Amino acid sequence: RKGVTFHDGSPMTADDVLWSLKRHADPDMEQGDEFENVAKMATTGPHEITVSFKQPDALFTKALAGDAGLVYHREQVVEAGKDFGTPGHPDACSGPYRLARWKSGDSLTLERYDGYWGRKPLTRRVQFRWASDSALVNALTTGAADGVYAETPNTAAALYGKKGLTQHYGPSTSVLTLIPTERGGLADPKVRRALSLSLDRKGIARSGYGGMVEPWAANVGSGAWGYGRKTFAAAQRKLDALAPASPDADDLARARRLVKEAAGKPDGPVVIGTDASQGRTVVANAVRAALQRIGITGRIKTVPTSQFEEFYSSKEARADIDVLVGDWYISKSDPLGFYDNGLSTSSNNWVGFRDKSYDRAVHKALRTLDDAERARLTAGAQREFADAAVWIPVAQVPSVLVLRKGLTGPPASMAYLYYPWAADLGATGARGGKD
């Protein structure tokens, strides 16, 4: 696209784009794994970059639509060095808003960039503040804040029906899930399948999340169905028998038989890792009750929320738990972006699932550019993942946008993570043109 400028007024060039892509491709960078199939990237015209691949990569363009495609002003990033992305430095970007002020630990203020190449933003200034769930609910209730993308269903539930606020729901890839760990209490797939059969997902949705989540039998939400919707919807329905919304007598009988057949029934209590948040506490108690129904003792280990996050990244932190009450989302509109978590080589495959046919199916799907065929292959891998209960799905979580009445424009869907939604934020009636 011609005529694009960074926020200091300098033109964005193909060299900036290429440099940014190569920066993302560095194996030490967060997006480095998105470039594993890239053989070469080069400037091939004034407004053109050509990417050559070692093999077809069906998810690469989807990755570019997220963080792997962010384009930075090379000179500003190089000048800032290791301090790039910290308070006191320019944003090095070209979007509809520029960074006006960053008060560390308190707030971040964006102002409309009049040189933006696209549609002029409706709102001149947007300020973001950080807050805990309770402080956030209070700020919206009292009018100190005008809106939020609710990070958790608990926040949305606490704001439901509040005077002067509107709630909007959209598709999401996010799912509440149980992730078995390396410790081994749920090492046997038959025990994991039994737990899935005996879990009361409907009760969790009602008691823990005010009915704002939906019992779900797959480990990725329907917001990932960017293509092949009929294929994925049909595949989802077939999983209900493995992960019922509310177990009946037949489900519980099947679960108990699986435990009897299991070669690796836990010797001691299965330890459930959680924090003290309302939703996770309800899930943890439901898991303990489900284990009890199949003759296994469960014990809950509760840690502070700040420490809870370590479970995802640290094997040492997970050493004392058998299953994590987790939540997970993917940034791509393709379920295949989740199922690489089940590959034998995946760092997120904590339970040690190893299946050559599964690995072959996922790798073949990753090389398949035809959407219909990739949907079929992905649905097959999804079934294998569910049959082995590598992770145990609990509920699908919607994307929730809460706005003060009179405000409108941003999308309710999870697209807000990678879309300049603030450019669409505006007011109805007399409020038009306000900050």
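The values are calculated or read from the model by the stated rules, or taken from the named source; none is laboratory data. What you see is a predicted model, and the numbers here were worked out from it, not measured in a lab. Heads up, the Cβs are rebuilt from the backbone with ideal geometry, glycines too, and the neighbour counts pull from every protein chain shown.
So the values come out like this:
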quantity: Residue that is nearest to Ala156 (Cα to Cα), among those in the range 277-295 that are part of a loop (DSSP other than H, G, I, E, B) and more than 21 Å from the chain's Cα centre (by Cα); calculated: Ile294
quantity: Pair list, Cβ < 9 Å and 6+ apart or interchain, from the range 274-289 residues that are touching a residue at least 12 places away in the same chain (Cβ under 8 Å) to residues that are outside any loop (DSSP other than H, G, I, E, B) and basic (Lys, Arg); calculated: Thr274/Arg280; Thr274/Lys301; Ala284/Lys301; Ala286/Arg201; Arg288/Arg299
quantity: Some residue of the range 70-88 being within 30 Å of Ala135 (Cα to Cα) and surrounded by 13 or more Cβ atoms within 10 Å (Cβ to Cβ); calculated: yes
quantity: Checking Ala157 against (1) assigned by TED's automatic domain parsing to the domain that holds Asp320; (2) among the hydrophobic types (A, V, I, L, M, F, W, C); (3) under 20 Å from the mean Cα position of the chain (by Cα); (4) part of a helix (DSSP H, G or I), the condition it does not meet; calculated: (1)
quantity: Residue in the range 138-159 that is nearest to Gly406 (Cα to Cα), counting only those that are at pLDDT 90 or above and out of contact with any strand residue (DSSP E or B) (no Cβ under 9 Å at 6 or more places or on another chain); calculated: Thr142
quantity: Where a residue in the range 3-28 is farther than 11 Å from Arg74 by Cα and in contact (Cβ under 8 Å) with a residue 24 or more places away in the chain and its partner, wherever it lies, is surrounded by 15 or more Cβ atoms within 10 Å (Cβ to Cβ) and of a type in the set (Asp, Glu), with Cβ under 7 Å and at least six apart; calculated: His7/Asp91
quantity: Every residue from the range 235-256 that is outside any loop (DSSP other than H, G, I, E, B) and either crowded, with 16+ Cβ neighbours inside 10 Å or touching a helix residue (DSSP H, G or I) at 6+ places or on another chain (Cβ under 8 Å) (or both); calculated: Ala235, Gln236, Lys238, Asp251, Leu252, Arg254, Ala255, Arg256
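The rows are residues; the columns are (1) surrounded by fewer than 20 Cβ atoms within 10 Å (Cβ to Cβ); (2) on the phi > 0 side of the Ramachandran plot; (3) basic (Lys, Arg); (4) outside the structural domain of Ala253 (by TED's automatic domain parsing).
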site: Gly164; (1), (2), (3), (4): yes, yes, no, yes
site: Ile179; (1), (2), (3), (4): no, no, no, no
site: Glu182; (1), (2), (3), (4): yes, no, no, no
site: Arg192; (1), (2), (3), (4): no, no, yes, no
site: Tyr209; (1), (2), (3), (4): no, no, no, no
site: Met212; (1), (2), (3), (4): no, no, no, no
site: Trp216; (1), (2), (3), (4): no, no, no, no
site: Val220; (1), (2), (3), (4): no, no, no, no
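Conditions (1) of a type in the set (Gly, Ala, Ser); (2) in a strand (DSSP E or B), marked per residue:
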{"position": "Lys62", "(1), (2)": "no, no"}
{"position": "His89", "(1), (2)": "no, no"}
{"position": "Ala92", "(1), (2)": "yes, no"}
{"position": "Gly95", "(1), (2)": "yes, no"}
{"position": "Leu110", "(1), (2)": "no, yes"}
{"position": "Leu122", "(1), (2)": "no, no"}
{"position": "Gln127", "(1), (2)": "no, yes"}
